[in-house]
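What follows is a short report on a single structure.
The values are calculated or read from the model by the stated rules, or taken from the named source; none is laboratory data. Fair warning: this is a prediction, and the values are worked out from it, not measured in the lab. We place every Cβ from the backbone using ideal geometry, glycine too, and count neighbours over all the protein chains shown. Just so you know, the surface numbers come from the protein's heavy atoms only, side chains and all, with ligands and any DNA or RNA stripped out. Shrake-Rupley method; radii C 1.70, N 1.55, O 1.52, S 1.80 Å.
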Amino acid sequence: ALDADNSVKVYLEALNKQLWDARYSPSSNFASQAHEKRISLGAFGTGGMLVEARAGGGVRYRTIHLAELYADENLDGVVDTVHRKFELTARQAVQMFREKTPQRIMKAFEAGRLSETFEFLHCVGPREDYDRKRVDMKGLPFSGYYLFCDGREIVREDGYHEQPYI
């Protein structure tokens, strides 16, 4: 019955256009990143991509080199846990973590050593204390933590509706 309902058709067409516009917006970076992922798929038989909310709205796609990714599957064979070890420059870390930027990185940034690199770990997996009734991060089924490896400190905690690494 819904297939024949014209108002449903109009709604779904508008939703499809909104999704298309978000994915193919130049700021989403999907076209170039999808190409990089296809190269990885052809060369290695798999590839990793991170899909995150973009500051200012929309989404951002980023293909992640396989050397940075460590994945684990659940009992059903679905990848539900991903750890990513990567580097950011002092400049990038300040842009990403703002006021939560570790002191050691802020010192390098303020001293003008913007290209000095620092190692981070991004851990994403099913939230053990997931409570769908909550409206904060604990109400989202996946948790994400950014850790500064040198200082062994959590610099950002996120929550996700679904695994952001595909």
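Exactly one residue out of L114, L75, L121 is hydrophobic (A, V, I, L, M, F, W, C) and either in a strand (DSSP E or B) or in contact with a Pro (Cβ under 9 Å, 6 or more places away or on another chain) (or both), and it is L121.
Which of the residues that make up segment 76-94 are within 18 Å of E153 (Cα to Cα) and open to solvent by 70 Å² or more (accessible area, probe 1.4 Å)? Spell out the reasoning first.
Applying the first criterion (within 18 Å of E153 (Cα to Cα)) to segment 76-94 yields 83-90, 92-94.
Within segment 76-94, H83, K85, E87, Q92 meet the criteria.
Collect the residues in segment 97-111 that are more than 12 Å from F148 (Cα to Cα) and assigned to a helix (DSSP H, G or I), keeping them in residue-number order. Explain how you work it out, then say what you get.
Going residue by residue through segment 97-111, those that are more than 12 Å from F148 (Cα to Cα) are 98-99, 106-111.
R98, E99, M106, K107, A108, F109, E110 - these are the residues of segment 97-111 that are more than 12 Å from F148 (Cα to Cα) and assigned to a helix (DSSP H, G or I).
Checking each residue in segment 47-56 for being touching a strand residue (DSSP E or B) at 6+ places or on another chain (Cβ under 7 Å) and either surrounded by fewer than 12 Cβ atoms within 10 Å (Cβ to Cβ) or in contact (Cβ under 8 Å) with a residue 40 or more places away in the chain (or both) picks out G48, M49, L50, V51, E52. If only residues of segment 20-46 that are modelled with pLDDT of 90 or more and outside any helix (DSSP H, G or I) are counted, the one that is surrounded by the fewest Cβ atoms within 10 Å (Cβ to Cβ) is Y24.
Table: residues versus (1) closer than 24 Å to L19 by Cβ; (2) open to solvent by 50 Å² or more (accessible area, probe 1.4 Å); (3) free of Cβ contacts under 8 Å to residues at least 24 places away in the same chain.
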residue: G58; (1), (2), (3): yes, no, no
residue: E73; (1), (2), (3): no, yes, yes
residue: P102; (1), (2), (3): no, no, no
residue: F118; (1), (2), (3): no, no, no
residue: Y146; (1), (2), (3): no, no, no
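Residue pairs whose Cβ atoms lie under 7 Å apart, sitting 6 or more positions apart in sequence or on different chains, and linking a residue in segment 1-27 that is farther than 29 Å from A55 by Cβ to a partner that is assigned to a helix (DSSP H, G or I) and open to solvent by 100 Å² or more (accessible area, probe 1.4 Å), are V8/L2.
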